[in-house]
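Notes to accompany the following structure.
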Amino acid sequence: MKIDCRLVPAFADAKELRGKTAVVIDVLRATTTIITALNNGARQVIPVATVAEAWPLYNELKEHSPVLLAGERDTKIIPGFHLGNSPFEFQRETVADKTIILTTTNGAQSLVRVAEADEILIAAFLNARTVAQTLVRNGRDIEIVCSGSEMHFSLEDTLCAGYIVHEILALFPEAELSDSVRMALLLLKEYGPDMQKAVSRCEHATVLIANDFSADVVYCGMTNIFHNVPVSRQNSITLNNNNNNNY
Ligand code: MLT
């Protein structure tokens with residue numbers, strides 16, 4: 001099993017992802033929010049790259065089932081949308097049985113970019129250990145894609161990549177690691193083991209704290225509170241509770 005890590009989504013070449021499992025990470029906050037929404041009963045999350053794509057999709061889907069428009073630009077709710085991108089907005093009473101169309105600055109973009117991978121898993125600190133267990137069980141080559149921040153490196157996503165690889169190595173020490181993965185492990189050693197503290201010091205955390213999202217930053221640094229892995233198929237992200245695929 002080979003493990004590589006793309007430190008920003010621009011490095012993720014769609015064709016190179018064929019035959020591999022892609023693991024998409026956006027700790028602050030898109031993948032944390034997706035994991036939370038699905039664990040609170042959302043039916044599916046559909047990521048879209050732009051606000052312009054979100055509206056027609058919403059108008060089409062709302063004819064058939066309950067749908068919410070969610071997302072952010074500059075961390076804030078998009079005008080006319082039902083929800084922003086704070087995981088705390090995705091409570092069970094709001095999202096249960098609903099389809100959520102999500103557009104965010106970075107996370108939604110990387111989800112769209114990895115569409116050609118054989119399998120796409122959604123990861124954050126919230127479910128990192130279960131992601132690692134799933135990857136070892138599946139045994140395919142792995143491409144971890146950090147969403148970063150507007151195509152720049154972000155420490156929190158790389159730390160989460162390192163955390164997942166650390167968990168993989170505990171189960172499967174023979175995994176072959178790329179240089180970027182070795183770097184993620186070094187960063188984890190430097191900033192760990194307190195992930196909440198590490199996340200709170202990251203650049204995007206300071207922006208979120210300044211915009212009154214301090215509680216989000218604390219939550220996004222929590223490790224292993226969920227024991228399932230959302231999967232994206234045909235651009236629909238679900239928890240797969242209804243079939244037998246091990247997730
Ligand atoms: C993103 O996808 O860019 C982020 O989740 C931004 C945020 O809402 O903090």
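Brief remarks follow.
- Filtered residues of the stretch 76-96 (kept if surrounded by 17 or more Cβ atoms within 10 Å (Cβ to Cβ), out of contact with any Gly (no Cβ under 8 Å at 6 or more places or on another chain) and either in a loop (DSSP other than H, G, I, E, B) or touching a residue at least 60 places away in the same chain (Cβ under 8 Å) (or both)): 82, 86, 87, 90
Residues checked against (1) touching a helix residue (DSSP H, G or I) at 6+ places or on another chain (Cβ under 6 Å); (2) not aliphatic (A, V, I, L, M):
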{"residue": "49", "(1), (2)": "yes, no"}
{"residue": "52", "(1), (2)": "no, no"}
{"residue": "58", "(1), (2)": "no, yes"}
{"residue": "67", "(1), (2)": "yes, no"}
{"residue": "97", "(1), (2)": "no, yes"}
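- Selection of the stretch 82-120 for residues being within 15 Å of residue 8 (Cβ to Cβ) and away from the ligand (no atom under 12 Å from the Cβ) yields 113, 114.
- Of the set (1) crowded, with 23+ Cβ neighbours inside 10 Å; (2) at negative phi, all apply to residue 148 but (2).
- Filtering the stretch 159-183 to residues that are under 17 Å from the mean Cα position of the chain (by Cα) and closer than 16 Å to residue 22 by Cβ leaves 160, 161, 164, 165.
- Check on residue 23, in a loop (DSSP other than H, G, I, E, B) and surrounded by 21 or more Cβ atoms within 10 Å (Cβ to Cβ): no
Since every read-out is calculated from the coordinates, none of them should be taken as a lab result. Treat the numbers as computed from the prediction; the structure is a model and nothing was measured. Cβ atoms come from the backbone with ideal geometry, glycine included; neighbour counts cover every protein chain shown.
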